[in-house]
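Here is the structure we will look at.
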Amino acid sequence: MSLKILEQVNSFLAALVLLTAFAMLAQRRINALIHVFMWQGLFLSISTAIVGFIANKHHLYLSSVLTLSLKVIVLPYILHVLIVRLKIRKEVETIVNIPMTMLLGIGLVIFSYHLTRPIMELSTFITRSTLSVALATVMIGLLMMITRKKAITQVIGFLAMENGLFLAATSATYGMPFVVELGVALDVLIAAFIFGIFLFHINTTFDSLDVNQMARLKEDI
Amino acid sequence: MILSPINLAIFSIVLLFVPVLLCALIRQNPLVLRVMAFSLAAFASFLSFIAGLWTLSSGVTNQLILPIGLPALPFHLRLDPLAGFFLMVVGLLAFFVSIYSIGYVQGLGTKRPISRLIVFYNLFIVGMLCVILADDALSFLIAWEFMAGASYFLVLFEDEHVENRRAAFLYLVIAHIGAMAILLAFGVMAGVATGFGNFDGYTFDSMRQATFSPQWATVAFVLAFFGFAAKAGVIPLHVWLPEAHPVAPSNVSALMSGVMLKTAIYGIVRVTFDLLGSFPWWWGALVLVLGLISAVMGVLYALMQHDLKKLLAYHSVENIGIILIGIGLAMIFTSFKFTTMAALALIAGLYHTLNHAMFKGLLFMGAGAVVHATHERNMDEMGGLIHHMPWTAVFFLVGCISISALPPFNGFVSEWLTFQAFLLSPSLPAPLMKLIIPLGAALLALTGALAAACFVKVFGVTFLGHWRGHNRPHIYETCWPMRIGMMLAAMSCLLLGIVPTFLVNLLDGIAETMVGSKLNVAASGTYNWMWLTPMQPERASYSGFIVLIGIIITISIAYLLFHLKSGKIQRGDIWDCGFEKLNHNMQYNAISFSMPIRRIFGFYFNIRERVRLMPQLTSPAFPLKLYYNLRVRDRFWGWIYKPIIEAAFGISRQMGKLQQGQIHLYLIYSFVTIIVLLAVVL
């Protein structure tokens, strides 16, 4: 395959990542949300492998495998177990309604395209077009954390943000050194475990996973 | 090691650490510990006094660089006549107070370990001596903080009372605000001297050689003056003094009021005359005006007090004001190039520095003896102590006469010199000064008169009359070490009053290096040591010795007339106007004595006076009891400090609203921050 086509494929995959990010914003069921998250991880891992092929960086293949195993298999499994254990069957509860969040998300995408335009003009990497998508994914992840009530959806938002960061790293600099990526992957895994434990504790303390309940922890002045 | 003043001073500082070690070694025997520790402290203080006197009389300057401190900035030490004079002040009073403490500390009871007092007492003196010896900004500030820290723990010595902790905290806060200003001032000066590339600018030598642009010099001066004024207790930064001095043990109050405030005076003189060198006249006017305000307001506040130690603390504000008047005048005269007048004013200020150390130290020691004997600080609960404590009464009276600026004691000499500086002042080119100088002289006169009234009240209410309190404890005269300490201070008050020329001649050396001119009070004449003549003999001169002789002759004649003829003096009952039910409450007390002045100057204070009559049931015309309640407050607290405190709390409360405890809100904060930063930066 020629590089031209590969670049197109990579941009397409990046677009799919952004699409899944919007899908997560729109999703009302937690199980489906985890599935969307799995898809995002899958697209990310394929994209990483393609970038590795284009740039001829072999460690990106390893990153790709790592992403596949962690974000497509392990983390969704952990989240699934959590949902079963905590008996979360309800829909995703939002603070701002979903159409509004979608609109905000679109605004963020435009904002990030605006931000990265000077970088794209200067950069010589063929993956440069994905940078704005990556930034948008990060911001949408953060938006998801802000607009969701339940702690578990915030965890997923956080992980989506991490996906965006990973995409930014591969697209802007052809990936970080492998040692750093290993460290990040380990961090994410440990974060997931800690979140799991944390959620159990929140649940037992407040009988709910609603983070608004945690306002009770604040000291009164 | 060659014997030189600076080596002697360093030896005395090292010696002061020995009592600190003794505390660790002999804890189980408090008697031995107390006697040894304070004797050593007295000896070491005496050595530093000798070192100071030696420097002052020989006029040489010693320098030394110690191999400690920062790698690029070791500790520079320097002992010039100015430092020597202040070393002398600190050493002399610390010597007296240490002797006094041998007896005084015994009376503090066995509730608290005295080792804490001994450790911080010695470190406190070490801090003060190091401040004076320091010759670079780093060692100066380290010593300064050392002094502040040690005195904080001394104020906190009786830490079981809430008001003591509050006073100590207030002291610490104001001390640190001041220290911060001093740090900034040194930073400005170092930056101007050599730039911020290296540490050389932080030595005082390079600051001396630097030439400052008027703007930066003003910034440095204002910062330094603010910082030192906070330590000296210049109004309106005086609020910590009347809180901290009364609650500290009295030997510590004596040192804090007598000499710690003087380190701030040292700092002002050092920074303005020595490091900055030249200055516009309005700096002097600023110092002079603040000095005048402190002097008048300080004495007025003192008059309103009936807590003995609080009253003395307000008198410290007054006397710092008088010292600053001298220094401010010296600065004004220097900037107009009247160097001889500047020398006179500077000598007056420095002389008063030593005098205030002596008589305020003496008064606090006396107050300590009284408080120790009566377990009471409120003067209205005392009275008639002269019968039980004749020694203390005499020494306290000497202190009262000295601080009231009456001859033949020392307070008169320095206030007289300050007056001469006012009265002999040539016509100054600035029109504002033509107004301030005569006004200043008038205010200084008012201060002296009010101080005298105040000490008539103190001595009269405390030592004369009958016991005013409810239940009277058994009152003992003080023990010998306390008596000796007070006696030595009283003797030096008298000596400084009758032979002032010796010290003035020594101070001439400082005046020559600082303002470039000498006073030459005793240039010619056979009996010149007796006469203090600042300018020309036909203008004004004073002889404490002849005044003393005159006083002695008058008293002898009076004694001969009244006492030798027996039967002329009879003791009888007090005439009670036929009332026949006189009791101890029917005397003049502190509140009633100060009432006329309260009426005249009442608008300065926040006064709340409440009178309540308890009428008899049968006939309301004959009340059973009368309750009188008086509360006098410092207006500055309400004017300056309360708004600042309230503003700080208000801002904190507003900031606290950010903390809602909602995770979403915190996330939104970071989200908005990121977006704004990205939008602004890119």
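Scanning the range A:124-138 turns up at least one residue that is of a type in the set (A, V, I, L, M, F, W, C) and either exposed (fewer than 15 other Cβ atoms within 10 Å of the Cβ) or assigned to a loop (DSSP other than H, G, I, E, B) (or both).
Residue A:157 passes every criterion in (1) away from chain B (no Cβ under 14 Å); (2) within 23 Å of residue A:207 (Cα to Cα); (3) at pLDDT 80 or above apart from (1).
Among the residues of the range B:640-674, those that are of a type in the set (Gly, Ala, Ser), more than 28 Å from residue A:210 (Cβ to Cβ) and within 13 Å of another protein chain (Cβ to nearest Cβ) comprise B:650, B:652.
Filter the range A:72-103 down to the residues that are of a type in the set (A, V, I, L, M, F, W, C) and part of a loop (DSSP other than H, G, I, E, B), then identify the one that is nearest to the other protein chains (Cβ to nearest Cβ).
The residue in question is A:95.
Restricting B:189, B:180 to residues that are buried (at least 24 other Cβ atoms within 10 Å of the Cβ) and closer than 21 Å to residue B:145 by Cβ narrows the list to B:189.
When the range B:330-345 is filtered for residues that are in contact with a Gly (Cβ under 7 Å, 6 or more places away or on another chain) and either of a type outside the set (Val, Ile, Thr) or not in a helix (DSSP H, G or I) (or both), the ones remaining, listed by number, are B:330, B:331, B:335, B:345.
Considering every residue within the range A:12-21, establish whether at least one is more than 19 Å from residue A:139 (Cβ to Cβ), in contact (Cβ under 8 Å) with a residue 24 or more places away in the chain and surrounded by fewer than 18 Cβ atoms within 10 Å (Cβ to Cβ). Looking for residues that are more than 19 Å from residue A:139 (Cβ to Cβ), in contact (Cβ under 8 Å) with a residue 24 or more places away in the chain and surrounded by fewer than 18 Cβ atoms within 10 Å (Cβ to Cβ), one finds none in the range A:12-21, hence no. Within the range A:149-183, being in a loop (DSSP other than H, G, I, E, B) and over 15 Å from residue B:667 (Cβ atoms) holds for A:174, A:175, A:176, A:177. Does the range B:14-47 hold any residues that are buried (at least 21 other Cβ atoms within 10 Å of the Cβ), modelled with pLDDT of 90 or more and not small (Gly, Ala, Ser), and which are they? Scanning the range B:14-47 gives B:16, B:38. Selection of the range B:591-629 for residues being over 16 Å from residue B:300 (Cα atoms) and under 30 Å from the mean Cα position of the chain (by Cα) yields only B:608. Within the range B:600-615, not a single residue is acidic (Asp, Glu) and under 22 Å from residue B:236 (Cα atoms). Across the range A:105-145, the number of residues qualifying as more than 15 Å from residue A:171 (Cβ to Cβ) and either touching a residue at least 40 places away in the same chain (Cβ under 8 Å) or more than 13 Å from chain B (Cβ to nearest Cβ) (or both) comes to 7. For the criterion of being farther than 30 Å from residue A:132 by Cα, surrounded by 14 or more Cβ atoms within 10 Å (Cβ to Cβ) and either within 14 Å of chain A (Cβ to nearest Cβ) or not hydrophobic (A, V, I, L, M, F, W, C) (or both), residue B:584 passes.
Summed over the range B:62-101, residues that are more than 27 Å from the chain's Cα centre (by Cα) and hydroxyl-bearing (Ser, Thr, Tyr) total 0. Examine the range B:653-663 for a residue that is surrounded by 11 or more Cβ atoms within 10 Å (Cβ to Cβ), on the phi > 0 side of the Ramachandran plot and either not hydrophobic (A, V, I, L, M, F, W, C) or not assigned by TED's automatic domain parsing to the domain that holds residue B:293 (or both), and state whether such a residue exists. Yes: the range B:653-663 contains one or more residues that are surrounded by 11 or more Cβ atoms within 10 Å (Cβ to Cβ), on the phi > 0 side of the Ramachandran plot and either not hydrophobic (A, V, I, L, M, F, W, C) or not assigned by TED's automatic domain parsing to the domain that holds residue B:293 (or both). Residue count for the range A:8-52 satisfying the condition of being outside any helix (DSSP H, G or I) and among the polar types (S, T, N, Q): 1. In the set B:530, B:487, only one residue is within 35 Å of the chain's Cα centre (by Cα) and modelled with pLDDT under 85; that residue is B:530.
Confirm whether residue B:162 is among the β-branched types (Val, Ile, Thr) and either on the phi > 0 side of the Ramachandran plot or over 22 Å from the mean Cα position of the chain (by Cα) (or both). Yes: the conditions hold for residue B:162. For residue A:184, the stated conditions hold: it is β-branched (Val, Ile, Thr) and surrounded by fewer than 21 Cβ atoms within 10 Å (Cβ to Cβ). Do we find that residue B:469 is at pLDDT below 85 and either at negative phi or surrounded by 17 or more Cβ atoms within 10 Å (Cβ to Cβ) (or both) in this structure? Yes: the conditions hold for residue B:469.
Taken together, the residues in the range A:163-217 that are within 14 Å of chain B (Cβ to nearest Cβ) and either in contact with a strand residue (DSSP E or B) (Cβ under 9 Å, 6 or more places away or on another chain) or under 21 Å from residue A:147 (Cβ atoms) (or both) amount to 15. Scanning the range B:80-101 turns up no residue that is of a type outside the set (Val, Ile, Thr), surrounded by fewer than 16 Cβ atoms within 10 Å (Cβ to Cβ) and not assigned by TED's automatic domain parsing to the domain that holds residue B:368. For the range B:348-401, the tally of residues that are at negative phi and assigned to a loop (DSSP other than H, G, I, E, B) stands at 5.
The values are calculated or read from the model by the stated rules, or taken from the named source; none is laboratory data. What you are looking at is a predicted structure, and each value in this text was computed from that prediction instead of being measured. Backbone-built Cβ (ideal geometry, glycine too); neighbour counts: all protein chains shown.
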